[in-house]
Amino acid sequence: MLYFLSDYTEGAHPKVLAHLCARNLVSLPGYGDDADTGAAKEKIRAACGRNDLQICFLVGGTQTNRIAVSATLRSYEGVVCADTGHVNVHESGAIEHSGHKVLPLPQENGKLSAAALAEYMDAFLADETNEHMVRPGMVYISHPTELGTLYTKAELSALSETCRQYGLPLYLDGARLGYGLMSPASDMTLSDIAALTDIFYIGGTKVGALCGEALVYTRGNMPPHFTAVIKQQGALLAKTRVVSQQFDALFTDGLYWEIGRHAIRQAMRLKKMFTDRGYKLFADSPTNQQFFVMSPAEIERLRQYAAFETWAPLGENRVAVRFVTSWATTDEQLDELERVL
């Protein structure tokens, strides 16, 4: 069986595992107060071109989103996002469970625009009853989006400026950030992300790590006593080294970027295989998530050979499906997929 379900169906990149094994018997303090965690933070700061970033390491994406959002918002505030946003659709109400409402807005190609945000904020502020409403307290986006699309630097700059205009912190979910930044369609760097957002995270789980995300505060804005905030939510890992050592490996000798480039190359080959055979795109993604339109019969036939995700029913005997590549996607796997197509 060929697996294209997601970018975390395998364990970890061999270089990440090798680094964990090499450091396994080294005795280190817990809770992030260790030299290896410090080294990983310095490598991330260097990659961002900033030495003032505040960084902490968490285990998974939903955990990171919940902590970042709930620690930023006041009790009467909610988080604005695109209606397709991960926190709105695929996190089982994790944000709402923290006591904060998700405020979804219409999107275009998975992206929230500065114009849509401004229109929403103007309407909210003009409403004389807004003291009785959930107040927008921050903005959430992801890069890449749920549809594998990318914000341009101009789009992110406009959104960042609009957020500042209305006093809203801008938070970027970077679960697949390595794939987004390595796409030929991207005109942004990690330094741009750090400059244009207030909070973002660098995803490890989906980009070569066993688990782990690096949450970054860009303006000296990490909440006070943040370790206590994390621990209250059951997310403080005593062996923080388990995550930080993986990021140390990912940000050594350009491994994070190498992983991203490889997955994108494989995704572009996969896209061409499908489109050459007449399959239509559900979303034109330049990243490692690829979306196609199939009939139920085609899905049933192909599932004899490959694992992939059905994304959304489209009616008229059509279904959107998703194929995902990663650091582990080989040429041989794509050869076999091409054969069975």
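Dividing the helix sum by the residues of the chain, where each DSSP H run of 4 or more adds -39500 (n - 2.57), gives a mean residue ellipticity at 222 nm of -12000 deg cm²/dmol. Averaged over residues, the count of other Cβ atoms within 10 Å places the peptides 61-67, 322-328, 180-186 in the sequence 322-328, 61-67, 180-186, highest first.
Between Ile299 and Leu28, the simple spin-label model (points 7 angstrom out along Cα→Cβ) gives 4.3 nm.
Counting only lysines at least 8 places from Lys43 when in the same chain, those with an alpha carbon closer than 27 Å to its own are Lys15, Lys153, Lys206, Lys231, Lys239. Charges were assigned to the Cβ only: +1 to each Lys and Arg, -1 to each Asp and Glu. The resulting dipole of the chain about its Cα centre is roughly 640 debye.
Tell me, in nm to one decimal, what length is gained between Arg219 and Tyr76 on full extension, where the rule is 0.36 nm per residue of separation less the Cα-Cα distance?
On the way: separation 143, 0.36 × 143 = 51.48 nm, distance 2.37 nm.
Separation in residues times 0.36 nm, less the Cα-Cα distance, equals 49.1 nm.
From the phi angles alone, apply the Karplus equation (6.51, -1.76, 1.60; θ = phi - 60°) to region 292-302 and give each ³J(HN,Hα) in whole Hz, x where the residue is Gly or Pro. Whole-Hz 3J(HN,Hα) from phi for region 292-302: 10, 9, 9, 8, x, 5, 5, 4, 4, 5, 6.
Label separation (Phe226 vs Ser157): 2.7 nm, computed from points 7 Å beyond Cα along the C-beta direction.
Between Val340 and Ala46, residue separation times 0.36 nm minus the direct Cα-Cα distance comes to 101.4 nm. Our estimate of slack between His97 and Thr310, defined as 0.36 nm per intervening residue step minus the Cα-Cα distance, is 74.0 nm. For the chain, the membrane-span-like helix rule (DSSP H, alpha carbon extent of at least 15 Å along the helix axis, mean Kyte-Doolittle at least 0.0) picks out 114-126; this says nothing about an actual membrane. Of the residues Leu20, Phe124, Asn65, the one whose Cα sits farthest towards the positive end of the charge dipole of the chain is Leu20 (charges of +1 on Lys and Arg Cβ, -1 on Asp and Glu Cβ, taken about the Cα centre).
A short reminder: the numbers here are calculations on the coordinates, not readings from a lab. Note that this is a predicted model, so its numbers are computed, not measured. So basically every Cβ, Gly included, is an ideal-geometry build from the backbone, and we count neighbours across all protein chains shown.
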